[in-house]
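Working notes, beginning with the structure itself.
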Amino acid sequence: MEITGKIDTERAATVGIITYDNPEDEVNASLDELERLLETAGGRAVIRLVQSKENPDVRTFLGSGKMKELAELCRGNDVTLVVCDSELSPSQIRNMEDILDSGDPERPIRVIDRSMLILDIFYNITKAMEIISTCAFVISIFEPQKVLIIFFFPTSI
């Protein structure tokens, strides 16, 4: 799992599975939330794919037919990120990326799950806080009174 902070402006597909324990209305509500998380990270969902399946495929999460459909949709819509609404194993991620391979080494299709997306959002927040802290430190050297302004009124910089 690699947290890169690179979701910004990526075109994405969101993917979910309807099961007996996870009915369609819950899957759609969860995918709505996933798409809002994706927007928070700076990405944009252009595809939503849902499959009714007894259990997620242990190899590729989706069944082989849906994986082919997803690959075609990704290529046709310039998608570079697939976000699954369930926890994926490292082998599922690798297998999905192999099937989704666009053939363009400059634009690989990455696969992540909900947890990885949330970690990416926190990574970006942490990077922003590091920048603010660094700026505050530099300003404190030259203009100590402005440090309080940065921490209590960050939009007034």
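Quick notes on this one:
- Restricted to the stretch 97-127, and to residues there that are in contact with a helix residue (DSSP H, G or I) (Cβ under 7 Å, 6 or more places away or on another chain) and hydrophobic (A, V, I, L, M, F, W, C), the residue that is surrounded by the most Cβ atoms within 10 Å (Cβ to Cβ) is VAL111.
- The stretch 70-104 - residue that is part of a helix (DSSP H, G or I) and in contact with a strand residue (DSSP E or B) (Cβ under 7 Å, 6 or more places away or on another chain) and, of those, farthest from SER115 (Cα to Cα): LEU73
- Checked against (1) touching a residue at least 40 places away in the same chain (Cβ under 8 Å); (2) in contact with a Phe, Trp or Tyr (Cβ under 8 Å, 6 or more places away or on another chain), GLN92 meets all criteria but (1).
- Number of positions in the stretch 35-69 that are assigned to a helix (DSSP H, G or I) and touching a helix residue (DSSP H, G or I) at 6+ places or on another chain (Cβ under 6 Å): 3
- The residue that is surrounded by the fewest Cβ atoms within 10 Å (Cβ to Cβ), among those in the stretch 20-51 that are out of contact with any Ser or Thr (no Cβ under 8 Å at 6 or more places or on another chain) and small (Gly, Ala, Ser), is ALA29.
- Taken residue by residue, the stretch 53-69 has at least one member that is out of contact with any strand residue (DSSP E or B) (no Cβ under 9 Å at 6 or more places or on another chain), among the β-branched types (Val, Ile, Thr) and surrounded by fewer than 15 Cβ atoms within 10 Å (Cβ to Cβ).
- Within the stretch 70-91, considering residues that are touching an Asp or Glu at 6+ places or on another chain (Cβ under 8 Å) and under 21 Å from ASP21 (Cα atoms), the one surrounded by the fewest Cβ atoms within 10 Å (Cβ to Cβ): GLU87
All of the numbers you see were taken from the coordinates with simple rules; none came from a lab. It should be emphasised that the depicted structure is a prediction, and the values quoted were computed from it without experimental measurement. Positions of Cβ are generated from backbone atoms using ideal geometry, with glycine treated the same way; all protein chains shown enter the neighbour counts.
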